[in-house]
Amino acid sequence: MGEPIQPIKGMNDVLPEEIGTWQYFEACTRELLAAYGYEEIRVPIVEHTELFKRAIGEHTDVVGKEMYTFTDRGGESLTLRPEATAGIVRALISNGLLRGQRHKLWCLGPMFRHEAPQAGRYRQFWQVDVEAVGWPGPDVDAELIALGTRLWERLGIASGLRLEINSLGTPESRRAYRERLVEYLLAHEARLDADSRRRLTVNPLRVLDSKNPQMLEIIAGAPLLSEHLDPESRAHFDALCDRLRAVGVSYEVNPRLVRGLDYYHRTVFEWIMPVSGAQNAVCSGGRYDGLIAQLGGESTPAIGFAMGVERLVARVLAVRGAVRAAPPDVYVVVSGARAEAQALELIERLRSERPRLRFELNLGGGNFKAQFRRADKSGAPLALIIGDDELARGVVAMKPLRAESVQSECPIAALAAGVDAALAAATRVHRAAAS
């Protein structure tokens, strides 16, 4: 026997015992996004490398150090997507979906970054990406943030999450600020850590995002981007704040909040939670009005955010505990050679007659005691018992599993209706016992 093959570092399995919580998160998210008018889009996980270089920026950490890039057999440089926005924009352009149209879109899927695995962030990690394309004003910024706030409430995890917002201004106003920032940082160059020195020449705004405690004093003394905003960006940000206050969304203005990707400008935001003394973002986003033109499309305003599924699922687990995947409605116990031969046919007929019910048929044999242990473990409220004796009399036995009730029999010809009645009775008894 060969040595077992281990998983790739930073690429984790989601096991059946965890999947119920994932499905709960996904169901809440899908339902809320639909209520706000967002439609799902699915884009490839592999794109031309040039897409991410142009969208994210060649000098960013993502492009420079973290992307999974390879040359395929045709000699093309391809990359596993490190984020979804660039792919969605590419899809809008290449499918001719702009031309003055507006879109509210979302997608769910894995992203890939070769970085040190950490709590809730892996080399393959799942994100929900939400994009509103075609709206220039602060009204869509406010609605998108309100959507995120409502999602945390619906998931039951709002407590402890903190919203921070900022404005990066336009590229023009940011260039003027960049000059001031570089001048300030050069005056303190001897105290900068190695990472900040590298960023100083390629992406100095990212120095403000440093998590190194030794950098906090220097960052605190840096000039504020908010003092260099152009008038239109200032008015846009003030209107956003007014709208958030009007709908009761609490926020903090963080003048040091920047985004690590080059395409952001004006509104940026993130929800963070304190975990073991560190600040962890569970959802980050902002406005990227110049990206679509940068990638060859018509100049189109846009805003979006991305949610880290692993961190949010961990938050759900911490706050409300595991959510179990839906159990079967009926567990089918089988006894006898004739019953084993006919049980599948009988249950498949029931599946056709009651497609919304979940039936789990006992497979692999086992005595009555073992099968009822499986039935109880399944979580099903009702067991059907198909035995040779019952089949000889043209009936199937029914046994409620979650309430004190006697076993009964139902004619096979009326089994679908009998299952309906037995499940309804079991639900009534369970509710009465719970109250």
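Readers should treat all values here as calculations from the given coordinates under stated rules, not as data from a laboratory. Worth saying up front: this structure is predicted, and the values here are computed from it rather than measured.
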Handout entry: the chain: most fluctuating residue of R180, R354, R243 per GNM, C-alpha cutoff 10 Å
Key = R354
Practice task
Name the most mobile residue of A239, A306, A403, meaning the one with the largest mean-square fluctuation, in a Gaussian network model of the chain with Cα contacts below 10 Å.
Solution key: A403
Fill in the blank from the handout: antiparallel share of DSSP beta bridges within the range 330-434, to nearest 5, in %, is 45
Practice task
Return the calculated 222 nm mean residue ellipticity for the chain, to the nearest 500 deg cm²/dmol, obtained by summing -39500 (n - 2.57) across DSSP H runs with n ≥ 4 and dividing by the residue count.
Solution key: -12500 deg cm²/dmol
Completion exercise
For the chain the mean separation of alpha carbon contacts under 8 Å (6+ apart) over residue count, i.e. relative contact order in percent, is 16
Exercise for the section: Please find, in a Gaussian network model of the chain (springs between Cα atoms separated by less than 10 Å), the residue of K65, K399, K211 whose mean-square fluctuation is greatest. Expected result: K399
Completion exercise
Relative to the compact-globule estimate 2.2 N^0.38 Å (N residues), the Cα gyration radius of the range 240-329 stands at a ratio of 1.43
Exercise for the section: Taking H placed 1.01 Å from N in the peptide plane, check which residues at least 5 places from N12 or on another chain put their amide H under 5 Å from its amide H. Expected result: Q124
Fill in the blank from the handout: Percent relative contact order for the range 330-434, counting Cα pairs under 8 Å at least six residues apart, stands at 28
Exercise for the section: For the chain, compute the number of Lys pairs whose alpha carbons are separated by less than 17 Å, excluding pairs fewer than 8 positions apart on the same chain. Expected result: 5
